[in-house]
Structure formats: C-alpha cells, structure tokens
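Input: one structure, supplied below.
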Amino acid sequence: MTLLHDLTGAPPGMTGGALLLRLSAIGAVLAGTAGTFAYAGGWLSPGLLTPARIVDRFEQVNGPHPGFRRNHAKGMCVAGRFTGSGAGARLSKAGVFAAGRVTPVEGRMALAGGQPYAADAAATVRSLALRFRLPDGEEWRTGMNNIPVFPVRTPEAFYAQLLAAKPDPATGKPDPARLKAFFADHTESAKAAALIKARTVTAGFADSTYWSLNAFRFVAADGGTRPVRWALVPDPAPATDAAPGDANALFDANALFDALAAQLAQGPRHWHLNVTLGQAGDPTADATRPWPADRETVDVGTLTLTAATPEAAATCRDINFDPLVLPDGIAPSDDPLLSARSAAYAQSVTRRSGEAKTPSAVTGAAIHGAAL
C-alpha cells in the first residue's frame, strides 16, 4: 500500500488513475467546505454586511469585554409568570394566550450598549428580554426596549449608526459632525430620534413601558393572520402628575438595578401585555415608524415578575433571546431587522461561549419571590 492509499483510505490494489480520481474528489469536498466557511465569514465578499461584522463593530466601538453580551452588556436576571387574559385567543393560536393559562417566564433587565461596568444613566435605553416556557417544549423569546420606535430601518443603517454614535475619546460623546452626516443620509432615523427623545423617562425599570419595536404576525386557529406589535405597560402606571425624570441624570454605579431588586423584595411587579393590531398600509418592515394611535389594542395578559438574581451560569446569562424563537401562532413579519438580530445574537453567543466569564457588575443578593 502506498502513501496515497493511506491518505485517501483507498483499498489495496486500487490503480493509480482511480487513486487520483479519489484524491480529486476528496479535495473538492474540502474546498467546498472551506468555501462555505469563507462565505459565511464574509471573506469572499469584503463589502457584504455579515453577522460577524456587526459584532466586530460592537467590539470596535465598546472595546473588548470577553464573556459579556456585545450589546445590552450590563444586566440582571428576573423571573416570574405570565397569565393569559383570554382576549388574545381569538387573535393567535399560541397556547400562552389561553384564558387563565399561567406560563413560567425567565428574563433579563438590561441597559443598551456594550459597556458591562458603565454607571447607570437615565437616558440609557432600558430593555426587558423574556423567555416564555410553553407546554410541549415550545418557547417564545422576545426582547423589548423602553423606546417607542427603533432608531434605524435596516441592518446596514444600524451598522453605520454604531460608528456614527461612537464616543470621541477627547469628549466622551459622539462627534456631532459625524452624527449630523448620519442623519442626513438616514432621514427616517432623524424622525425616529425625535420620537425617542420626546418619550417620558420614568424613574426606573419597574415603571417603564417596553415596546417590541419590530412587527410580527399573529396566526389564529382558523388560519387568519394579522400584523401586530406589542408593549408591556406597567401596572400601576407612573403617576401622571409626577415631575418628569431628568433624561440626562447620572446615578450611582448600579442605582437602577439596585432599585428594581429592592422593589421586587417588597413584592411582585406587574405589566399588561398590550397587543396593537395593524391595518392594511401600516408599515411592518420599518421599525422607525409608529403605527397610527387609533389602532385597536388588546390586553392579552399580565406579566408578573417576582425574583431578581445576578447573572450566572444557572440563570439568564447564557440565554440567547433570539426574536425568531416563536411558538406556533406567532410568526415573523417582513422586517429585515428580525433576521439580522437573530443572526447577530447567534454570533455573539458563539463568541461568548468560548470566553472566560467575569462576574457581572450587578452582584446584589438574589431576591426570590413566589413564582407559580
């Protein structure tokens, strides 16, 4: 047996020509595999925006923070339950909306940005990500923010915005000229930024409203579909006569997270899941544009949070809140941001999974209330 026989695994006696054909076939398979990896990594098309390049940009803007999410890096785990009101059952066949159905929920409160040890600030976007564990192994994962619209319409605009908003090392703030140029090129983002700036900034996580931002489709038992967006609205609502919060306020290091933990220690916190029903002509592929205010809204159930714990292996730290993990009865819309978010989250998870984990900045004692 020759060296070629050993390399190709060919049986003894195979002729030289047959060996070369076998070797060529093996080479073609290896080349195809390498090409697939190269394509997925964007090496064959330097101008193509890939999930890896989106995550790369987060790392370029925020610096290296191994083990942490590349966005919404600072967070705290929460847990509780969702109780369906029954009003959503006519809109979606997802079991989570059945009247009286109680679904366990795990989640994560976080602040936008890639700085896991940054001090809390009122103006920083707050987020609430949830995983609903439905019967039969189904899950519904969703990530929401306390802003009424998303600042960009496309993944390409998001990539450009990350660089435009990068703080200048000399001032610690974004370069005004660079931001001005970005908004000149993306007028839809300028309009969205005005809506975001005009929102009411509440005292903390517990009295914030969290919007889905992206549109989805509800699929009813009869097969009918309709576009939807949803929002978690706090109950009780913030007092309307309260003085508006200072959007520019800076707090102690973990003030927002510490306040939420203290509130949960006193008792559960509640939000209503309000689903807004879109109509023909309402934009489903543009998260920068709100739907008309007169659209029908349906209260489909109540989220009750009862517990808060620091991030760790056994809690929410390693959950990928992929917005395309949906139960039967909820489907994605044509919004291009949904698939981009899903792919970028997967890239971030892949990188984090191979990195050493550093303790979170939010390390207070766990608060365990009654869940179910």
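The values are calculated or read from the model by the stated rules, or taken from the named source; none is laboratory data. Model, not experiment: these values are computed from the prediction. Neighbour counts run over all protein chains shown; Cβ positions are idealised from the backbone, glycine included. These area figures cover heavy atoms from the full protein model, side chains too; ligands, DNA and RNA do not enter into them. Shrake-Rupley method; radii C 1.70, N 1.55, O 1.52, S 1.80 Å.
Take residue 185, project a point 7 Å from its Cα along the Cβ direction, then tell me which residues of region 134-171 have their backbone nitrogen under 16 Å from it.
152-166
Here is a further query. For region 148-200, what is the accessible area per residue in Å² when the probe is 1.4 Å?
61
So, R0 is 41 Å and r is the distance between the beta-carbons of residue 339 and residue 259; what FRET efficiency does that work out to, to 0.05?
With a Förster radius of 41 Å, E is 0.70.
Okay, next question. Using the eigenvalues of the Cα gyration tensor, what equivalent ellipsoid semi-axes result for region 153-212 when each is taken as the square root of five times the eigenvalue, whole Å, largest first?
24, 16, 11
Tell me, what % of the accessible area of region 85-208 is carbon and sulfur with a 1.4 angstrom probe?
The C+S portion of the solvent-accessible surface of region 85-208 is 58 percent.
How high is the relative contact order of region 75-121, in percent, counting Cα pairs under 8 Å that sit 6 or more residues apart?
Relative contact order of region 75-121: 43 percent.
Can you give the net charge of the other residues whose Cβ lies under 11 Å from the Cβ of residue 81, counting K and R as +1 and D and E as -1?
+1
Separate question: 7 Å from Cα along Cα→Cβ at both residue 324 and residue 165: what's the point-to-point distance in nm?
The answer from the label model is 2.3 nm.
Please compute the length gained on full extension between residue 313 and residue 133, using 0.36 nm multiplied by the number of residues separating them and subtracting their Cα-Cα distance.
Result: 63.0 nm gained on full extension.
So which aspartates and glutamates can residue 197 reach, going by Cα to Cα under 14 Å and dropping same-chain residues fewer than 8 places off?
Partners within reach: 246.
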